[in-house]
Amino acid sequence: MPWTARRIAELLVIALIIEYLLLPQLAGTHHWLTLLAGANWWWAAAGLGAELASLLAFSLATRVLLPRDGSRLGLWRLWRIDLAGIAVSHAVPGGAAAGTALGYRLLRRSGVDTGAATFAKLAQGAVSALVLQALLLSSVLIAIPLHGSSPLYVTACLAGLGVLAAVVVLTALVLRAEATLARFVGALAGRLPRLTRDMGDRLVHRVAKDIRSVAGRPRLFAASTGWSAANWLLDAVALWCSIKAFGHVLGYDGLLVPFCLANTAAWIPLTPSGLGIVEGVIVPTLVGFSTPRGIALLGTTTWRLINFWLPIPLGGVAYLSLARTSSVAVTPQQDP
């Protein structure tokens, strides 16, 4: 096994030990065993089903942004591509970029041209981030009258507004200063290995074309937004089921405020997909919404087993299945 892969495997094993052997001890050994003995694992199974449906919705959110022509991928292939990308993002620190890059590469190998693949991955990520912040704001607006304000709410809302502002500014740059941005990206691409100035220039023009296409087809944007919302909400349902398995029921604000805060914190590129950061945010926030601490700990670890750890082996199998099918070797289309 290469050194890098071995190191990643060692870190993941250590994280597993911490998350599933040490953290539950904080609830007290006797109390922890009592909760486990009384758990309703059918609810955990329902959470697993919700998580798998969430992953499918993620792929559907990407698929609606791909060209509607002969090169459009089947949902089964796209789901495996996304699973492979998610697995990578869960395995390395700051893995979102690596996962997106792998997804882009697999799209290209499946016949999607450079501009369409880039736009689909970037647009899906931007829409997903905006939907998450919209869910956070809606839950915070409900939570403040019921539970009072918190500095954490203010920080999260400011982060969400920052994400929104960044997306708006980047979109405006692409549309309002297309030629200038194309020259800048072209010059930057010309300094990078295996890229040329012309490739960067064409990429900006293609993305601008696709943005205008989406702007002229509001149903396309609505479909991507709807599937992104389904992706997040089904993931939140998986968390709800994981908590319910130990006998506690979360309300709308008690579910979505911790869920959205934790997933916003996961953007901090220190650990793979916020491993440790998500747990550090979500457990005390659940406790703040009257979830017993032991249930918050065990429910969160159950959810992270479904949400974080399960996609890693699934994505590995998906990648191998793509590599072994002849259609993955389709010659990519020529870029326009």
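The values are calculated or read from the model by the stated rules, or taken from the named source; none is laboratory data. The model shown is predicted, which means the values in this text are computed figures rather than measured ones. Please note: Cβ atoms are built from the backbone with ideal geometry, for glycine as well, and neighbour counts cover all protein chains shown.
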When you go through (1) touching a residue at least 40 places away in the same chain (Cβ under 8 Å); (2) at negative phi one by one for Ile277, which number turns out not to apply? (1)
Of Gly99, Gly95, Gly125, which residue is crowded, with 20+ Cβ neighbours inside 10 Å and modelled with pLDDT of 80 or more? Gly99
Matching residues in region 256-274 (part of a helix (DSSP H, G or I) and touching a residue at least 24 places away in the same chain (Cβ under 8 Å)) number 10
What about Ala189, is it modelled with pLDDT of 70 or more, of a type in the set (A, V, I, L, M) and under 28 Å from the mean Cα position of the chain (by Cα)? yes
Matching residues in region 33-66 - criterion: being at pLDDT below 80 and closer than 15 Å to Ile243 by Cβ: Leu35, Leu36, Gly38
Ser273 passes all but one of the listed conditions (1) under 16 Å from the mean Cα position of the chain (by Cα); (2) more than 17 Å from Glu51 (Cβ to Cβ); the exception is number (2)
Consider region 128-152. How many of its residues are under 21 Å from the mean Cα position of the chain (by Cα) and either modelled with pLDDT under 80 or more than 23 Å from Ser228 (Cβ to Cβ) (or both)? 0
